[in-house]
Amino acid sequence: MIMAYKEIKEIVGLLMLGEGIVGFFAPKKYSLFWKLGFKPLEKLKHKAADNPEMMRLLYAAEAGLGLWLAKSQLGKSSEKMKAT
């Protein structure tokens, strides 16, 4: 069976939350982790790694957004369960 849209949004939120937490605690290493293979993105990746405090803020925002997204989908599924 194909996953419902809300379940996909919940999974995306959880992935964002996890990535945000890992990036927050190791911003330089995590910024350099991905092998992008496209020169402009590789340059951007190295600039990001050179500014760990800015990346920490971005990763914290990503974790917060992921938490909100996942939680908002959980609220909808629990309301649906109460109705049945």
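The values are calculated or read from the model by the stated rules, or taken from the named source; none is laboratory data. If you're wondering where the values come from, they're calculated on a predicted model, not measured in any experiment. Virtual Cβ from ideal backbone geometry, glycine too; neighbours counted across all protein chains shown. We work out accessible area using only protein heavy atoms, side chains counted, and drop any ligands, DNA or RNA first. Shrake-Rupley method; radii C 1.70, N 1.55, O 1.52, S 1.80 Å.
Once each of the chymotrypsin sites (Phe, Trp or Tyr not before Pro) sitting in a DSSP loop with at most 16 other beta-carbon atoms within 10 Å is removed, the chain keeps 39-84 as its longest stretch.
Tell me, what is the per residue accessible area of the chain in Å², probe radius 1.4 Å?
Values: 6510 Å² over 84 residues.
Result: 77 Å² per residue.
The count of lysine pairs in the chain that are at least 8 places apart or cross chains, and whose C-alpha atoms lie under 30 Å apart, stands at 29.
In degrees, nearest 10, range 0 to 90: what is the angle between the Cα axis of helix 5-25 and the longest Cα principal axis of the chain? Result, in degrees: 40. How many percent of the accessible area of the chain is carbon or sulfur, using a 1.4 Å probe? The nonpolar share, carbon plus sulfur, comes to 72 percent.
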